[in-house]
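The values are calculated or read from the model by the stated rules, or taken from the named source; none is laboratory data. Just so it is clear, the model here is predicted, and its values are computed rather than measured. Here the Cβ is made from the backbone with ideal geometry for all residues, glycine too, and neighbour counts use every protein chain on show.
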Amino acid sequence: MITLTRKIELVPIGDTKEERAVTWKKVAHFSRTCCEMANKIVARHYLTFCEGLELSDGSPKSFTSKELREYIKAKHDSSVQNLGYAITKSYKEVPSYVRAALSNQVFSLFKQDIFDVQIGKRAMRTYKPNSPMPTMKSSLIFKKDNGQVFLTWCKMDFVLAFGRDKSDNRTIVDRILAKEYQLCDSSIQYNRERNKIFLLLSYKQPIAQQKLDEKLCVGVDLGLNAPAYCALSEGEGRERIGDRETLLKPRINIQARRRNLQRQLKFIEGGKGRKKKLEALNKLRQKEKNAVRTINHRISKSVIDFALKHKAGVIKLEDLSGIARDEKSKWVLRNWSYYELQQLISYKAQKVGIAVKYIKAAYTSQTCPVCGNVSREQRQTQAVFQCVNVACADVGKEKNADYVGALNIARSEQYVQRTKKKQKKQADKKA
Ligand SMILES: [Zn+2]
């Protein structure tokens, strides 16, 4: 099972305009109140934590250590966790299933944060009025009628607005209603700036059961000739995904327009014209981001489809963080959000039960997959690979360079522990 969240807009319904206005007001009020409660709960836990520190002669101790729990029990006649809930009791207008979920969530985040706060790595978390309000799953009552889905929450009625529904939220809701997917504790969010209400719907989805070969790997090489090239670690399976044109065209067009605007901006001192152009520039930035995201979605889907078609249980990607091997890599990294693509592949692979492994990005494009000879000369052009080792059975044979790269990645066993490395990098940056 895997837990996922979807964001769906909620529109208040009611017979009259006044009725709907009451719902809007109530949601806004709940949102403000939850924010206030959350900040008070954090403060309460922090105080308790400091009391715990004093108890232990000032030496850092685990917040949930046994002595502290006993101390709290004796002093406040309550468990550590319930200290937070006790605070919410003076906000009776908010139903208990929202307050309980809120105090649980704030407490678990507090536990996560507190040690980083102690060592000065982060500040204490503060909650804002548009922070999502957690609510128990039992408080969400769905009803399907005439093709529309209605939600009753805290005695308020909403209709789910799916909009253009590009991410197919309607199917997800249908599956939850049919009990194929399991509904989890979710959140309601009120966005004051946009004047919108959202349901952050959490659910558990079973990982698709399919017999995959855990020893068969797909190597994914990213290149200039093809956005991605897949190869199997065994056998001849391979596939070029997308082409250079589709990858570059939207970005290059948008970038040209952006440069043009930036140039114009240089000569405008101020006033309305400048503001308008700045707005246009921001819009273009967003447009470029969206274009890349769409392309990345398409590529990642094709990579997963390739792996499933061959029943491969592992996808291997190059760990490119901090590495720019040559001009080509630098250019690709600059022009294409490779990190986002890797994240999308990981996310989609997890959903179908495929493992994702990162391997060290070193010489994958310069190594002969037959004899293992490494040489820069073997890469005469961008598109062609030719082994120069005279002892190799394939010496001089022209091969598709992208395929060679993908094959080397598929067979590589130089794994990189990605999360730890990333954490270390972030820590180094802060230090
Ligand atoms: Zn060779």
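Val332 meets the conditions (1) in a helix (DSSP H, G or I); (2) at pLDDT below 80; (3) out of contact with any Gly (no Cβ under 8 Å at 6 or more places or on another chain) in every case but one. The failed one is (3).
For the range 219-229, state whether one or more residues are under 20 Å from the mean Cα position of the chain (by Cα) and within 30 Å of Ala410 (Cβ to Cβ). Among the residues of the range 219-229, not one is under 20 Å from the mean Cα position of the chain (by Cα) and within 30 Å of Ala410 (Cβ to Cβ), which makes the answer no.
For the range 367-397, filtering for residues that are in a strand (DSSP E or B) and either within 40 Å of the chain's Cα centre (by Cα) or loosely packed, with under 13 Cβ neighbours inside 10 Å (or both) leaves 5.
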